[in-house]
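Encoded as C-alpha cells, the structure appears first; notes follow it.
Laboratory data are not the source of any read-out in this text; all were calculated from the coordinates shown. Quick caveat, the model's predicted, so the values are computed rather than measured. Cβ placement follows ideal geometry from the backbone for every residue including glycine, while neighbour counts extend to all protein chains displayed.
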Amino acid sequence: MSITIKEFPYTPEQLAWLDDLETTDATQGIGYLHKDDAFDCLGRACVTLGIPAEYGRAIRDGVVSYDGSVSVLSDSIQIMLQLRGDGGDFKQSEMAGDYLVDSLITLNDAVGYTFKQIAAFIRSDPTNVFTNLDAPEVSP
C-alpha cells in the first residue's frame, strides 16, 4: 500500500512571507512589528505584503504601525495570511528548545528564534499556524 502525502496548499502571500523570512538580512527586533530599523517576524509579513508603514499618529520612539497595529497583526492582515491569531497563534502549543510556546511572537521575542528558524518551524507544521485546511463551519 502506497501513502501519498499531499503538499500543504500555501497561498502566494504565505509563500512570499516565508521566502522573506528565509532570505532577509533585516535586523530582527522584539516587542514591536517594527521599531527603528528592526522588525519582528510579523512585521516582516507586513513589509512582504506591501502594507503601508504608518509613522506619527502618536507612535512613540521609532515605533512604526501597520494597519493601525504596533505589536500584533490587525484583523485584516491576519485574515490575509490565514493565521490562527493576531500573534501568529498556534492550534496546539509546541516545544521549542526548553520553552512551551503558543505563538510566533513567543518564538521571536522570548525564545529568540531567527527569521530562518521561524520559517523552518512554520514549514515543519503549517497547519499549526495557518487555517488553510480547517474545515468550514457548518450552519445548523
So, over other residues within a Cβ distance under 15 Å of Ser93, counting Lys, Arg +1 and Asp, Glu -1, the net charge is -3
Tilt of helix 12-23 relative to the longest C-alpha principal axis of the chain, in degrees (0 to 90, nearest 10)? 70 degrees
Once you have the Cα-Cα distance between Ser124 and Glu22, take 0.36 nm times their residue separation minus that, and quote the gain in nm to one decimal. 35.3 nm
Checking rank on 88-96, 19-27, 114-122, with mean other Cβ inside 10 Å and highest first, the result is 114-122, 88-96, 19-27
If the chain between Asp98 and Thr114 were fully stretched, how many nm would it gain, using 0.36 nm times the residue separation less the Cα-Cα distance? 4.2 nm
Let me check I've understood the local charge: for Leu73, count other residues with C-beta under 10 angstrom from its C-beta, Lys and Arg +1, Asp and Glu -1. What total comes out? -3
Total charge dipole magnitude, the chain, about the Cα centre, Cβ charges on Lys, Arg, Asp, Glu only, Debye to nearest 20: 80 debye
